[in-house]
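Quick notes on the structure that follows.
The values are calculated or read from the model by the stated rules, or taken from the named source; none is laboratory data. In this text, all values refer to a predicted model and were calculated from it rather than measured experimentally. Because the Cβ atoms are built from the backbone with ideal geometry, glycine has one as well, and the counts that use them run over all protein chains shown. Areas reflect the complete protein model, heavy atoms only, side chains present, ligands, DNA and RNA absent. Shrake-Rupley method; radii C 1.70, N 1.55, O 1.52, S 1.80 Å.
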Amino acid sequence: MQQMPKSDTPPSSPHYPQMDDDEDEEEFFEVNEDELEEVLNLADGGRSDEEDEAFDDEPVLGPPPERDDAFLLFSQHSSSIFSCHIEPTNGKLAVTGGQDDKAYVWEIENGKILLECTGHQDSVTAVEFSQDGNYVATADMAGLVQVWRTSSMQKVWEYTMGDMTWMRWHHGTNVLMAGAASSEVYMWKIPSGDCKVFGGSGEKSDCGVILPDGKRACVGYSDGTLKLLDLKAGSIVKSMSSDEAGTISDIAAHHDNNLILAGINGKAFVASCNQGKVLSTLHTQVPGGTEEQNVEAVAISPDASLPLAAYGTLEGYLFIWDLAHQAQRHIVHQQGAITKIMWDQERPSVYTSGTDGVLRHFDVRSGVLVQEWLGHRADILDFSRSRDGRYLLTASDDKTSRIFKLD
């Protein structure tokens, strides 16, 4: 996912020609007001400098879809929405963050805003509720991380870390992790703010995942390296890399606490945390094609009886891979680039979001499209599924977030 950084460059000072001492000053400033408005583009329909900047950031909207399947439309953001999450315990709250430097916590049933998370000075690219729903974290590209208590909607902690690339809550306790463009990985205990910092080698920390055992995390870097972190010791214990050069685009952990699936350029690869090495490379060539696809998103089945992995590409291909037999099961093509993949917790299926504004549901056993949800007119950049399986929440480039009901 690409984000367009805002320009902080102030406008240059106007330069006026030098006047002779005997020049008629009144005549120099005598201009036709209509001509001035036309030159400065400030007549009816024109835009100021601030409006020009906002206009340049406007997403390109596609035509209205044939239908809107959304149960609820949230349209309070004034620019693209980059991130979203559904509160995990009761599924009644949503949080969204966007390019307008804002994050909102709101009710899923009616869209009522409960909290506007103020203080951010850059695009809010990461938002997430803690595993117990007691806290919600919001983080922007400039590195301001804020945590709010959901019972009171009051801020309890904040930290500025430098350019932030990813953020994730621990799945078993109120510990928050985030990666930096300067390669460091931060870990905080919330709300006390006790901090550990995992140093890096200068390469950008692009993505991270906490292993199911809760004791380790795996982080992907811009040089194609995976590093295994010991969270208790606060140290890096292993480093792994494939033969492919490039940035780790996404990362997922297997339920066995050993295997890691990562995407890099035109491949996905499987690495072993226990052995500290790459075990296999999963290619992305399609029948009749000669070039590899660009892997953007990866996911691993949470079902121990279903040893499958899924990875999606910017060319719109979804690959289903059998990890146990090292065999490709299915290749499915959708119209838009795949931006995220999520495995269903109860059924053998995956959800995908696309740059065509469509959310899709595939059966991984057959590769058949089960259902699709329409409504967005631009890229879906993020989505979240409620733990009880009732709702899907989306974040889109069209400035809206939508709630879709699941059967």
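Computed quantities for the displayed model
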| read-out | value |
| --- | --- |
| Surface/4 estimate of mean projected area, convex hull on alpha-carbon atoms of region 269-400, nm² | 8.9 nm² |
| Cα convex hull of region 220-330, projected area averaged across orientations, nm² | 7.1 nm² |
| Accessible surface of the chain, 1.4 Å probe, proportion on carbon and sulfur as whole % | 45 percent |
| Hz values of 3J(HN,Hα) by residue in region 241-254 - Karplus curve (6.51, -1.76, 1.60), Gly and Pro given as x | 8, 8, 6, 7, 8, x, 8, 6, 7, 7, 8, 9, 10, 7 |
| Candidate lysines - alpha carbon under 29 Å from Lys277, same-chain residues fewer than 8 apart omitted | Lys196, Lys204, Lys215, Lys227, Lys232, Lys238, Lys267, Lys340 |
| Relative contact order (%) - criterion: Cα under 8 Å, at least six apart; region: the chain | 13 percent |
| Å² of accessible area per residue within region 128-191, as computed with a 1.4 Å probe and no ligands counted | 35 Å² |
| Other-chain or far-sequence residues with amide H under 5 Å of Gly316's (modelled H) | Ile338 |
| Cβ-defined net charge surrounding Glu107, 11 Å radius [Lys, Arg +1; Asp, Glu -1] | 0 |
| Electrostatic dipole magnitude of the chain [Cβ: Lys, Arg +1; Asp, Glu -1; Cα centre; debye, to 20] | 4720 debye |
| Probe 1.4 Å - accessible area at Arg387, Å² to nearest ten | 150 Å² |
| The chain - Rg (one decimal) and Dmax (whole number), Cα, Å | 23.9, 92 |
| Pairs of Cα atoms farther than 21 Å apart, region 117-197, % | 17 percent |
| Region 198-271: trypsin sites (Lys or Arg not before Pro) falling in loop per DSSP and having at most 13 other Cβ within 10 Å | Lys232 |
| Where region 207-265 is the region considered: accessible area per residue in Å², 1.4 Å probe | 36 Å² |
